[in-house]
Amino acid sequence: MERVTSLNNIAFKLKNWFENRIRSVDGNKEFYETADLGWVQNLETQCAIIQAELHDLIQRQSIPDWQSISDDPSVRIGQDWKTFVLFLYGEKMGNNCATCPKTTAIIESIPIIKTAWFSILEAGREIPPHYGPYNGVLRYHLGLYVPKPEKCGIEVGESIRHWEEGKSLLFDDTHLHWAWNRSDKRRIILFVDVVRPLPFPYNWMNRLVIQMGKSMPFVQNLKKKLDD
């Protein structure tokens, strides 16, 4: 047990060191422009397909809340935030993907996507401030159902953005961030983590760190609950 704890501490220190190296070569911005990114255009173009499959999904079955499937201590808000996980650290969640074959095919056509799920924030609810785990990935949101854009937003660091249906947001979630839905209907987005583009040799090192992330207890526990 002590050896495992020691190894985890070493891995945590290495991750922190590498995150600082990433900031030194790629900056520390909060939000990133998406207009020239082909994979973003691909997702936006096929948004209607994803929306239709999502509509069928929520008509057929209930969606679990994040708290019931995750050990994440930073976001414990019960039924306020629900998630339907399709990919986790590059691994396909078979049963869920079978339920959404068209969305799955779209995601599989973009190899830099490592994690993807539908994120549902209920009406009048907030996701509290928290930090993402690792800056070697960037967080991407595609608006699927946004009842009132002016009432549905996210603050990353000191920058605020609002979702729009069929439009994208790309940001570094290792900045403190929180989200809100002040409308009277649920807000739904496609929530994605993509590999951060880095120059050699940082890109190679980043792929290694992401691969190692699969073995983290948090990820393994989440996967086990999804498989149950």
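Computed values, structure above
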read-out: Options 73, 64: the member that is at pLDDT below 95, within 23 Å of residue 171 (Cβ to Cβ) and not aliphatic (A, V, I, L, M); value: 73
read-out: Residue satisfying all of: in the range 133-155; among the small types (Gly, Ala, Ser) and not in a loop (DSSP other than H, G, I, E, B); nearest to residue 28 (Cα to Cα) among these; value: 153
read-out: Qualifying positions in the range 161-171 - in contact with a Gly (Cβ under 6 Å, 6 or more places away or on another chain) and within 18 Å of residue 183 (Cα to Cα); value: 162, 163, 164, 165
read-out: Test for residue 106: is it within 13 Å of the chain's Cα centre (by Cα), at pLDDT 95 or above and of a type in the set (Val, Ile, Thr); value: no
read-out: Search result, residues across the range 198-228 that are free of Cβ contacts under 8 Å to residues at least 60 places away in the same chain, over 22 Å from residue 84 (Cβ atoms) and either assigned to a loop (DSSP other than H, G, I, E, B) or under 16 Å from the mean Cα position of the chain (by Cα) (or both); value: 200, 201, 215
read-out: Total residues in the range 12-31, condition at pLDDT below 85, out of contact with any helix residue (DSSP H, G or I) (no Cβ under 7 Å at 6 or more places or on another chain) and under 16 Å from residue 210 (Cβ atoms); value: 2
read-out: Subset of the range 130-155 (residues that are touching a strand residue (DSSP E or B) at 6+ places or on another chain (Cβ under 6 Å) and either within 19 Å of residue 195 (Cα to Cα) or at pLDDT below 95 (or both)); value: 137, 138, 139, 140, 141, 142
read-out: Test: residue in the range 126-141 that is surrounded by 21 or more Cβ atoms within 10 Å (Cβ to Cβ) and farther than 30 Å from residue 18 by Cβ; value: no
read-out: Matching residues, the range 113-163, being under 14 Å from the mean Cα position of the chain (by Cα) and among the basic types (Lys, Arg); value: 114, 139
read-out: Count of residues meeting criterion [of a type outside the set (Ser, Thr, Tyr) and either surrounded by fewer than 16 Cβ atoms within 10 Å (Cβ to Cβ) or closer than 28 Å to residue 52 by Cβ (or both)] in the range 206-222; value: 11
read-out: Subset tally (residues that are in a loop (DSSP other than H, G, I, E, B) and touching a residue at least 60 places away in the same chain (Cβ under 8 Å)) for the range 94-132; value: 6
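The values are calculated or read from the model by the stated rules, or taken from the named source; none is laboratory data. All of these numbers come straight from a predicted model, not from anything done at the bench. Cβ: placed from backbone, ideal geometry, glycine included. Neighbour counts: every protein chain shown.
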